[in-house]
Amino acid sequence: MLIALVPCSVSCQGTALDKKEGKTSHEFTILAYNVQNLFDLDGISQYNDFKPEHYGTSQLKRKLKSITDTLSKIGDGTGPEIVLLQEIELDRSPKEHLSATELLKKALGEKGLGPYNLAKGRIESISLNQSPAIVCVTLSKFPIKETRNHWTERARPILETHLDIEGQRLVVFNNHWKSGASSADTEPIRIQNASVLRKRIDELLKANPATDIVVGGDLNSHYNQKQVFKGIMPKTAVNDVLQSQGNEPLLQSPTQKLYNLWHELPPADRGSEVWKGEWGTLMHLVLSHGLYDDHGIQYRTDSFRVAILDDFNVLTGSEIPNRWYNDFGGIGISDHLPVLATFATASKGKRVEVGANHPESPAVLPKVDYTKAIDQAKSFDANASVSKNFRKIYSFEGQVVLNKPLTLKTKGTQIRLWSFDPKAQAILFAAQPGDSLNGYGYLSRYKGEWQLVVEKRVWLGNR
């Protein structure tokens, strides 16, 4: 993935259009962002990581700051006009404690963001015990005229909001489908999730084929899910059911198919999160035909971006997401990078022109380029194991002193070694006390203990 994807430290709206014409009052930004779990402090979390022994006042304060800082860095300082958030805890103690949503709204105001109207993905007719731990929340500087929540199997309700943008209606769907993008076992569940969404979209398009619709959020599917998992997924949720595709010119005429904005970028530049050394595209903004006609709301050509905020939400060198950890009172930002695009009220009589469309859908995902981080790596020593160095890459060289857990003595200190890569594991776990090991690893923690994680086999020296 190219570092030049979005080199924005202040604003991600530096498109050619913005630079030449300036952002008018009719333009607005939609951002989709999985915050990686914002929880309240009522102590009854359904996730163990957010029980009182792991998550307290410090973590909450820093988590809220990470979210508000992210939003404040995008746009004019008051945040994007429309924000689709995922992984906000569903309130389970409405009378005793402030909910995650209430805490977020308070923090947004204190930061000078918004002001926002708010809708949350809660189906009131379903009991708390049967509801998911986390939900979607939509923020809008525009009036919210209508809200609906759609039940999905083993996932979060799809949050539908109808927004009034200077008298024009925009329908926005905030999604967080079933997890496990690479799992053929969970794809049928995502197909159900997508079917619920597709059915509702078809209802809207039947009533008005030019309805302006934006589908956003964490679909837990890659834009090229069908190509990447062709051998194990004969039918996919995002491509076959939702009908997300990469032919932008198709949207200039009435069609049931949707345009996935990942196709605004070259394949090598597509990525919002990292899994096992590969860039994924789980975060999405997907558009209906109506956003390309000459009335209502229009998409601003070539405005889609991934919000890479240097020295903030990515790690220097690799540019991978600076994910959140509860350790040390809370560090990091999120394991997902936000995606965003610019829209505007239509110029009547002028349709949206096709921009730099890249319709190709490769059957592989881009590899993370660790070259720069490896080149900049310092040698691991006793002073390295501190919170500010979390996730930094270090070189190591020493002797094995223990093989369960695998522990290396190097430069007068000891450090555990681990890898998720089977090829690297085969070498590491074959090592016996007295054997020499050298290579690279990123600094991490497991159950309160420091460790260096070897990302892949090539990070190890010859053995």
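Structure values in brief
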| quantity | calculated |
| --- | --- |
| Checking Q425 against (1) farther than 24 Å from K276 by Cβ; (2) of a type in the set (S, T, N, Q); (3) not in a loop (DSSP other than H, G, I, E, B), the condition it does not meet | (1) |
| Selected residue (only one of G280, G329 is in contact with a strand residue (DSSP E or B) (Cβ under 6 Å, 6 or more places away or on another chain), at pLDDT 95 or above and over 30 Å from E166 (Cβ atoms)) | G280 |
| Residue in region 348-370 that is out of contact with any Asp or Glu (no Cβ under 6 Å at 6 or more places or on another chain), closer than 16 Å to E449 by Cα and either of a type in the set (D, E) or without any contact (Cβ under 8 Å) to a residue 60 or more places away in the chain (or both) present | no |
| Residues of region 42-61 that turn out to be touching a helix residue (DSSP H, G or I) at 6+ places or on another chain (Cβ under 8 Å) and buried (at least 18 other Cβ atoms within 10 Å of the Cβ), as a count | 3 |
| Selected residue (criterion: nearest to P362 (Cα to Cα)) from residues of region 227-248 that are small (G, A, S) and touching a residue at least 60 places away in the same chain (Cβ under 8 Å) | G246 |
| All positions within region 404-424 that are surrounded by 14 or more Cβ atoms within 10 Å (Cβ to Cβ) and touching a helix residue (DSSP H, G or I) at 6+ places or on another chain (Cβ under 9 Å) | L406, L417, W418, S419, D421, A424 |
| I333, sole failed condition from (1) buried (at least 17 other Cβ atoms within 10 Å of the Cβ); (2) aliphatic (A, V, I, L, M); (3) assigned to a strand (DSSP E or B) | (3) |
| Check on N239, over 24 Å from E153 (Cα atoms), more than 18 Å from the chain's Cα centre (by Cα), at pLDDT 95 or above and not basic (K, R) | no |
| Tally, over region 178-204, of residues that are touching a strand residue (DSSP E or B) at 6+ places or on another chain (Cβ under 9 Å) and either more than 20 Å from I134 (Cα to Cα) or aromatic (F, W, Y) (or both) | 5 |
| Filter result (farther than 18 Å from I297 by Cα and in contact with a His (Cβ under 9 Å, 6 or more places away or on another chain)) within region 194-235 | V196, L197, K199, R200, G217, D218, L219, N220, S221, Y223, V228, F229 |
| Strands (runs of 3 or more DSSP E) wholly inside region 105-222 containing at least 1 residues that are over 30 Å from S253 (Cα atoms) | 117-120, 134-140 |
| Where Y259 falls short, out of the listed (1) touching an Asp or Glu at 6+ places or on another chain (Cβ under 6 Å); (2) farther than 24 Å from L337 by Cα; (3) not in a helix (DSSP H, G or I) | (2) |
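The values are calculated or read from the model by the stated rules, or taken from the named source; none is laboratory data. It should be emphasised that the depicted structure is a prediction, and the values quoted were computed from it without experimental measurement. All Cβ positions, even for glycine, are placed from backbone atoms using ideal geometry, and neighbour counts span all protein chains on display.
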